[in-house]
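The values are calculated or read from the model by the stated rules, or taken from the named source; none is laboratory data. Values in this document were obtained by computation on a predicted structure and should not be read as measured data. Glycine gets a Cβ as well: all are built from the backbone with ideal geometry, and neighbour counts include every protein chain shown.
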């Protein structure tokens, strides 16, 4: 399979996961190459947004090294990865989950393809059409809600936890995600870091 068809196939898998397709979730969870592809899907928007965001700063591309640009775009990605492994661990350890942490990560990283919507928003901000951070925050919130919806279905179908337990694990995941963001924001950006 050539690269173009491979990328299209992976994008279709990611979109199917966003539609809660159980077969695709199980397939992606079991595929070793999905780890690499999931990391790419997760990291690409942050990298593009850092580069495009740097171009919109008055100081130019040197702003890419600013902690006020780089960390606010990387912290949600790092928090996401921490939350995914944390949720999977909690499901296994305390709620009798049967899946594997890496398989859980593969599926949810594919679900993060929804964050790619932020790339055109950042490009439009470079053109001066609107303030990127307000819409960017709204997109992040929508992506978080969508990913937690996928996470709920994944807990039921992949980890085989009960519905009530899945809700408890999701609540723990939401709190964990924001606590991790707060800690990383304080450490790497300071008191000016904002979640949304």
Identify all residues within the range 32-48 that are over 14 Å from the mean Cα position of the chain (by Cα) and either part of a helix (DSSP H, G or I) or surrounded by 15 or more Cβ atoms within 10 Å (Cβ to Cβ) (or both); write none if there are none. 33, 34, 36, 48
The lone exception for residue 160 - which of (1) in a helix (DSSP H, G or I); (2) more than 19 Å from the chain's Cα centre (by Cα); (3) at pLDDT 95 or above it fails: (1)
Please indicate, with yes or no, whether at least one residue in the range 172-188 is assigned to a loop (DSSP other than H, G, I, E, B) and touching a residue at least 12 places away in the same chain (Cβ under 8 Å). no
Kindly indicate whether any position in the range 16-23 is over 18 Å from the mean Cα position of the chain (by Cα), under 20 Å from residue 159 (Cβ atoms), surrounded by 15 or more Cβ atoms within 10 Å (Cβ to Cβ) and without any contact (Cβ under 8 Å) to a residue 40 or more places away in the chain. yes
Can you say whether residue 121 is free of Cβ contacts under 8 Å to residues at least 24 places away in the same chain, crowded, with 16+ Cβ neighbours inside 10 Å and either on the phi < 0 side of the Ramachandran plot or within 10 Å of the chain's Cα centre (by Cα) (or both), as far as the supplied structure shows? yes
Residue list for the range 99-118, filter: over 15 Å from residue 43 (Cα atoms) and either part of a loop (DSSP other than H, G, I, E, B) or within 10 Å of the chain's Cα centre (by Cα) (or both): 99, 100
How many residues does the range 52-98 contain that are surrounded by 15 or more Cβ atoms within 10 Å (Cβ to Cβ), at pLDDT below 95 and not in a helix (DSSP H, G or I)? 2
